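*Asks:* Okay, handing you the structure first.
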Amino acid sequence: MSARPPVLLTPGPTPLHPAAREALCAGEALGHMDPAVFAVNREIQADLRTLYGAPAGTFTALLAGTGSLGMEAGFANLLEPGDPVLIGVNGSFGARMVEMATRCGARVRTVTAPPGEALSPQAFADALAEEEKKGEEVRLVALVHGETSTGVLNPLAEIARAVAPSGALLSVDAVATAGMQPFDMAGLGADYVYTGSQKGLSAPPGVAPVAVSGRALARHAARRTPAPLWYADFAGLRDYWEAHSYHHTVPVQLHFALHAALRAALAEGLPQRQARAAAIGEAVLAALTPLGFTPFVPTPAHRLPTVLALRLPPGLDDAATRAALRERGISIAGGMGPTAGVIWRLGLMGEGARPAPYERFLTELEGVLGVRGVTQRFQEALGVGA
Ligand SMILES: *Cc1c(COP(=O)(O)O)cnc(C)c1O
């Protein structure tokens, strides 16, 4: 352990919001069936409807697990063996979706794009048209909004428009975007949306906020076979969250922390958080460009504002540099899969998207690389200090 606690500039987990830390540590344990817990849960449900821009009839809840449980619960509840499903894949998290849907016994077809590029709305329309010509009714279309592994923002609104005529359910991974920009579940016609508590909301990891549309609940109710994942079954969740009967013991301390972080995010405002992340990201890019770092995602419109993916300058030793930064109390992420050793991924989520932690990172990077002026460029670009 280094003497100072590390500054987490990874794309999740993110530094805890002070209100979340306080809520996590405050007070005695409460039972999961306590009226005070149900009161907090009701506020969480209402705030999640705001977070996701959910229409009336949407069921919101926390799953007791991380973002991946949110992902898996969607497939387990909404697919049955043999169902045709269409999944967008342009990075590691899209690939994880394929793995999960396959394990549910679905017949998976993919729409793909190379790492660093966005998924094409036309490719979804074409794939759906082809399936229809074959007489196949695609039951579910799933994609990642922000692909954290490559720093790509997929054109969700356009893809949702391409999917709508097919009647397929639309499942959206908003793990990298929720809480850091407005989300319009109603306008998109999305049926299932999820995130993880430790990303844009800066709460501790361990709960996955989900939203399930009325249409998705109806499809779930009409299943021929029970969902294979008992723990996160939508009906079981509603027993607890709506009928207040026991299903499983929920992690109440994590509910309290998430509640506080979510309140803080909505109080700040989602457009304001989006602007904050964008401003820091642009200033970091301006500060690092003279060192030879370049954006991994060529098309500016496809850059994910919450994950700055930078191609490393030639000759920079990825592992050694990140290890030296970690020694100095800074945690950043490298690439995943095909981008390992090729890029760095700088998190601009929640409390990570602040000037102070980035000033510390850039100052330590100056020390590690033996260069100067990086922090100053950052401050100038941001219009602070100097
Ligand atoms: C982090 C992440 C996940 C997985 O979440 P865990 O909390 O690590 O289980 C899924 N999708 C995206 C886009 C992510 O960034």
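The values are calculated or read from the model by the stated rules, or taken from the named source; none is laboratory data. It should be emphasised that the depicted structure is a prediction, and the values quoted were computed from it without experimental measurement. We place every Cβ from the backbone using ideal geometry, glycine too, and count neighbours over all the protein chains shown.
*Asks:* Which members of the stretch 279-295 meet the condition of being in a helix (DSSP H, G or I) and without any contact (Cβ under 8 Å) to a residue 60 or more places away in the chain?
*Replies:* Leu285, Thr289
Residue by residue, here is whether (1) touching a strand residue (DSSP E or B) at 6+ places or on another chain (Cβ under 8 Å); (2) among the small types (Gly, Ala, Ser) holds:
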site: Gln198; (1), (2): no, no
site: Val210; (1), (2): yes, no
site: Trp230; (1), (2): no, no
site: Trp241; (1), (2): yes, no
site: Arg276; (1), (2): no, no
site: Ala287; (1), (2): no, yes
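*Asks:* Given (1) among the charged types (D, E, K, R); (2) within 16 Å of the ligand (Cβ to nearest atom); (3) over 20 Å from Ala178 (Cα atoms), identify the lone condition not met by Glu72.
*Replies:* (3)
*Asks:* Output the number of the condition that Gly88 fails; it satisfies all remaining conditions of (1) surrounded by fewer than 24 Cβ atoms within 10 Å (Cβ to Cβ); (2) in a strand (DSSP E or B); (3) in contact with a Gly (Cβ under 9 Å, 6 or more places away or on another chain).
*Replies:* Just one mismatch for Gly88, condition (1).
*Asks:* Picking from Pro305, Pro298, Pro338, which residue would you name as being part of a helix (DSSP H, G or I), touching a residue at least 60 places away in the same chain (Cβ under 8 Å) and farther than 19 Å from Gly370 by Cα?
*Replies:* Sole residue among the options that is part of a helix (DSSP H, G or I), touching a residue at least 60 places away in the same chain (Cβ under 8 Å) and farther than 19 Å from Gly370 by Cα: Pro338.
*Asks:* Related question: Return yes or no: is Gly116 more than 12 Å from the ligand (Cβ to nearest atom) and surrounded by fewer than 17 Cβ atoms within 10 Å (Cβ to Cβ)?
*Replies:* Criteria not met by Gly116.
*Asks:* Does Arg161 meet the test of being surrounded by fewer than 21 Cβ atoms within 10 Å (Cβ to Cβ), touching a strand residue (DSSP E or B) at 6+ places or on another chain (Cβ under 8 Å) and outside the structural domain of Val342 (by TED's automatic domain parsing)?
*Replies:* So Arg161 fails the test.
*Asks:* To continue, here is another question. Just to be sure, is Thr306 β-branched (Val, Ile, Thr) and within 28 Å of Glu43 (Cα to Cα)?
*Replies:* It is true that Thr306 is β-branched (Val, Ile, Thr) and within 28 Å of Glu43 (Cα to Cα).
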